[in-house]
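Here the structure comes first, spelled out in structure tokens, and everything after it is commentary.
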Amino acid sequence: MSTLAHVFEEAGIATIVLSSTRSVAERMANPRTLHCEFPLGRPLGKPSDAAFQHDVLARAFALLDATEGPVLVDHPEVIEADETALSCQIPPRFDADAHPAVDEANGIRKAYDRTLEARGMTNVGRSVEPDGMADAVQVLVDIAAGTPWKEAGIPGGNTTALCHDIRTYYEEAALSLANVIDGDGDIPAGRAIEAWYFDETETGKLVLEARQVMKDAEAPFPVWFYMVPGHR
């Protein structure tokens, strides 16, 4: 976004950047930047808090009054990222013969469907559809067990897209499991669902294991690195 800001400015279009990483904003010297020390993925700070979000936008648009730049202003409030895992109960095992991650993926399908019905949309589908989720997880089981990633039958051949779909499937199911989608549960903190997925689910742990196996096997950097968020 910082690069685009410079391109647009050269074309005569005034820009404002909402920054999440101050060092990047300093290095890029955007014409106008409001740095917001908020959890990544939440540029306006607080979900469902219209007053706070309007405050962020008002401070950002106020930077248009600056007569010269670069301008870098900090939003006065800091919001720490909460790494506490979402309180979310996973359905009990059903098929003792299946790998725990595969059985788990099948077990949360009804929760995923409830979220889909409530929202009317899903972000699953880059490389695998919900009906193929168990088979997709099995691919990661095979990779973790030593099957070369090129021979594992990765849907679409793209590990990043595959892991994105699996994680999204779980996160959307979690909205129902934690009663968030029904309005009875609290809105999760910035990384609460992410922490739940990677730290507490069998599939999240499996993704990390398969990623490490691929790294150790010297798979190309983009193939294994982007299977999970960079900080993990």
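To keep it simple, each residue is scored yes or no on (1) basic (Lys, Arg); (2) assigned to a loop (DSSP other than H, G, I, E, B); (3) in the same structural domain as Glu172 (by TED's automatic domain parsing).
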position	(1), (2), (3)
Ala58	no, no, no
Thr67	no, yes, no
Leu86	no, yes, no
Thr115	no, no, yes
Ala118	no, no, yes
Asp131	no, no, yes
Val141	no, no, yes
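Does region 154-175 hold any residues that are within 17 Å of Ala195 (Cβ to Cβ), surrounded by fewer than 22 Cβ atoms within 10 Å (Cβ to Cβ) and in contact with a Phe, Trp or Tyr (Cβ under 7 Å, 6 or more places away or on another chain), and which are they?
Passing the criteria: only Glu171.
Kindly list the number of the only condition in (1) touching a residue at least 40 places away in the same chain (Cβ under 8 Å); (2) of a type outside the set (Val, Ile, Thr); (3) surrounded by fewer than 17 Cβ atoms within 10 Å (Cβ to Cβ); (4) assigned to a helix (DSSP H, G or I) that fails for Gly146.
Unmet for Gly146, out of (1) touching a residue at least 40 places away in the same chain (Cβ under 8 Å); (2) of a type outside the set (Val, Ile, Thr); (3) surrounded by fewer than 17 Cβ atoms within 10 Å (Cβ to Cβ); (4) assigned to a helix (DSSP H, G or I): (4).
Yes or no, residue by residue, for (1) among the acidic types (Asp, Glu); (2) out of contact with any helix residue (DSSP H, G or I) (no Cβ under 6 Å at 6 or more places or on another chain); (3) at negative phi:
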{"site": "Glu26", "(1), (2), (3)": "yes, yes, yes"}
{"site": "Asn30", "(1), (2), (3)": "no, no, yes"}
{"site": "Cys36", "(1), (2), (3)": "no, yes, yes"}
{"site": "Leu86", "(1), (2), (3)": "no, no, yes"}
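Pull out all pairs, ordered by first then second residue, where Cβ-Cβ is under 7 Å, the residues are six or more apart or on different chains, the first lies in region 16-31 and is in the same structural domain as Pro43 (by TED's automatic domain parsing) and closer than 20 Å to Leu64 by Cβ, and the second is in a loop (DSSP other than H, G, I, E, B) and aliphatic (A, V, I, L, M).
That search, which allows pairs on different chains as well, returns Val17/Met1.
Kindly provide the set of residues from region 32-48 that are crowded, with 19+ Cβ neighbours inside 10 Å and either free of Cβ contacts under 8 Å to residues at least 12 places away in the same chain or aliphatic (A, V, I, L, M) (or both), ordered by number.
Leu34 - this is the single residue of region 32-48 that is crowded, with 19+ Cβ neighbours inside 10 Å and either free of Cβ contacts under 8 Å to residues at least 12 places away in the same chain or aliphatic (A, V, I, L, M) (or both).
Could you list all residues from region 92-119 that are in contact with a Ser or Thr (Cβ under 8 Å, 6 or more places away or on another chain), modelled with pLDDT under 95 and among the acidic types (Asp, Glu)?
Correct list: empty.
What residue, of Ala51, Ala105, is among the small types (Gly, Ala, Ser), part of a helix (DSSP H, G or I) and surrounded by 15 or more Cβ atoms within 10 Å (Cβ to Cβ)?
Working: Ala51 fails: surrounded by 15 or more Cβ atoms within 10 Å (Cβ to Cβ).
Result of the check over Ala51, Ala105: Ala105.
Just checking, which of Ile79, Ile90 is in contact (Cβ under 8 Å) with a residue 40 or more places away in the chain, touching a Gly at 6+ places or on another chain (Cβ under 6 Å) and not small (Gly, Ala, Ser)? Spell out the reasoning first.
Numbers: Ile90 fails: touching a Gly at 6+ places or on another chain (Cβ under 6 Å).
Residue meeting the stated conditions: Ile79.
Restricting to region 204-232, what's the tally of residues that are over 18 Å from Ala145 (Cα atoms) and not in a helix (DSSP H, G or I)? Quick ask: steps written out before the conclusion?
The first filter runs over region 204-232 and keeps only residues over 18 Å from Ala145 (Cα atoms), leaving 220-222, 225-226, 228-232.
Among the residues that remain, those that are also not in a helix (DSSP H, G or I) are: 220, 226, 228-232.
Adding up the residues that qualify gives 7.
The values are calculated or read from the model by the stated rules, or taken from the named source; none is laboratory data. Just so it is clear, the model here is predicted, and its values are computed rather than measured. Glycine gets a Cβ as well: all are built from the backbone with ideal geometry, and neighbour counts include every protein chain shown.
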